[in-house]
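J.: Let me begin by handing over the structure; questions about it come next.
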Amino acid sequence: MLLFKSVVEINRFLSQFRQNGRRVGFVPTMGALHKGHLDLLQSSQQNNDLTVCSIFVNPTQFNESSDLEKYPRREAADIKLLLGIGCDVLFMPPVSEMYPETYAGPPAFDFKGLEEPMEGTHRPGHFEGVAQVIHRFIEILEPGSIVMGQKDLQQYLIVRSMIRQLDVEVDLILHPIVREESGLAMSSRNRRLSPEEKAEAAGIHQILQAAKSWKASGFHPNEIQDRGMKALLKNPHFKPEYFDVVDTETLKPVERFKKDQEVAVCTAVWVGPVRLIDNILI
Ligand code: AMP
């Protein structure tokens, strides 16, 4: 595995590699890797001639400095995991490489309201930071494809909208949510849960699954929202922020179910000191 920390060097290496039409895949991460990340990487490896994994805890997408400070960092363990799956290239730039003083910032984007609900309401500025970092990575790496996880569905939709606005040739692939056996969505943040909290956190997925069955039983979107919120509030370990039934194209709330409309239930829940997000297509 090749390790790059310099923008100029990885750009030069990939420019050479891309000659002869070879395809570069890219999986952006913030490290503290788990099986979810590795599945995304393996999917990219299968579909590209070379895959770049980045590990960069992007300061511009954290709206709270304490969250940024507490974000788990496990460089040595991450490198071992990447070697284990035969990752080709690891890009681990310092902040000064990603955002040098000469960096002008990304162009202005219009996300048409995708940035407003859910994470947008609870983490102001978060998606501007996400768009900025992915735009910068596209500029540096010029990937043919990027794989992102459904766990961060709103993030995926923002990046998809950005790519459409940039008019660049990047295939954006959505990878399904990878879960623990308990149903808990894998997350780097799970490491900060106590064993008891982790066991309780599996209840979030159960409530999302219940939402799917409520839809099948004929409940309306607002009833599903209320039932979900109530079920979350019943657990003394949970502090839910939202439990929203949304259209996956627009992220607007669904008022009534229509045929041929893809709908997701998305939730964010504090479990002890950790804020977890999860979703399900219903
Ligand atoms: P992160 O390191 O949390 O920024 O995540 C990097 C990428 O991995 C993002 O595209 C996430 O959506 C994706 N990801 C994280 N956890 C999971 C999971 N449990 N299942 C699928 N994708 C995930």
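Here, each number is a calculation from the coordinates, and none is a lab measurement. No experiment lies behind these values; they were computed from the predicted model shown. Quick reminder, even Gly has a Cβ in these numbers, built from the backbone with ideal geometry, and neighbours come from all protein chains shown.
J.: Between Asp167 and Asn47, take the C-beta separation as r, use R0 = 35 Å, and let me know the FRET efficiency to the nearest 0.05. Display every interim value, and only then the final one.
T.: On the way: r = 22 Å, r/R0 = 0.64.
The computed FRET efficiency comes out at 0.95.
J.: Tell me, what is the percent relative contact order of the chain, built from C-alpha pairs under 8 Å that lie six or more residues apart?
T.: 18 percent
J.: Which whole-Hz ³J(HN,Hα) couplings does the range 37-42 yield from phi under the Karplus relation 6.51 cos²θ - 1.76 cosθ + 1.60, θ = phi - 60°, glycine and proline marked x?
T.: Residue by residue, the range 37-42 yields 4, 5, 5, 4, 5, 5 Hz.
J.: How would you classify the chain from its alpha-carbon gyration tensor, with a ≥ b ≥ c the square roots of the eigenvalues: rounded for a/c under 1.5, else prolate if a/b is greater than b/c, otherwise oblate?
T.: Numbers: a/c = 1.83, a/b = 1.55, b/c = 1.18.
Judged from the Cα gyration tensor, the chain comes out prolate (a/c at least 1.5, a/b above b/c).
J.: Would you mind checking Lys198/Lys230; Lys215/Lys252; Lys112/Lys212 for any pair whose Cα atoms are more than 23 angstrom apart? Kindly include the intermediate steps, with their values, before the conclusion.
T.: Details: Lys198/Lys230 20 Å; Lys215/Lys252 18 Å; Lys112/Lys212 27 Å.
In this structure, Lys112/Lys212 lie more than 23 Å apart at Cα.
J.: In degrees between 0 and 90, to the nearest 10, how far off the longest principal axis of the chain does helix 195-216 point, with axes built from Cα atoms?
T.: Its long axis makes an angle of about 70 degrees.
J.: Now for a different question. Can you give me the angle between helix 153-166 and the longest principal axis of the chain, using Cα atoms only, in degrees from 0 to 90, rounded to the nearest 10?
T.: Tilt relative to the chain: about 50 degrees.
J.: Ignoring everything except DSSP H segments at least 4 long, calculate the 222 nm mean residue ellipticity for the chain; use -39,500 (n - 2.57) per segment, divide by total residues, nearest 500. Present the calculation step by step, with values, prior to reporting the outcome.
T.: Values: 10 runs with 115 residues, N = 282.
About -12500 deg cm²/dmol.
J.: Along the principal axes of its C-alpha atoms, what lengths does the range 14-99 span, in descending order and rounded to whole Å?
T.: Principal axes ranked by extent give 45, 28, 19 Å for the Cα atoms.
J.: Using θ = phi - 60° and the Karplus curve 6.51 cos²θ - 1.76 cosθ + 1.60, what whole-Hz ³J(HN,Hα) does each residue of the range 60-70 get, with Gly and Pro shown as x?
T.: 6, 9, 9, 8, 10, 5, 5, 5, 4, 5, 7
J.: To the nearest Å, what is the center-to-center distance of the range 124-158 and the range 1-73, using C-alpha atoms only?
T.: Comparing the Cα centres of the range 124-158 and the range 1-73, I get a distance of 11 Å.
J.: So, one more: Please report the projected area of the range 158-282's Cα convex hull averaged over all directions, in nm².
T.: Mean orientational projected area (the range 158-282, Cα hull): 8.9 nm².
J.: If you fit an axis through the alpha-carbon atoms of helix 126-141 and take the longest principal axis of the Cα set of the chain, what angle between them do you get, 0 to 90°, nearest 10?
T.: 30 degrees
J.: Right, something else. So if I take the centroid of the Cα atoms in the range 95-120 and the same for the range 254-279, what is the distance between those two points in Å?
T.: Computed from Cα coordinates, the inter-centre distance equals 24 Å.
J.: When DSSP beta bridges are limited to those with both residues in the chain, what percentage is antiparallel, rounded to the nearest 5? All intermediate terms of the calculation are to be shown ahead of the outcome.
T.: Working: 19 of 38 bridges.
Expressed as a percentage, antiparallel bridges in the chain total about 50.
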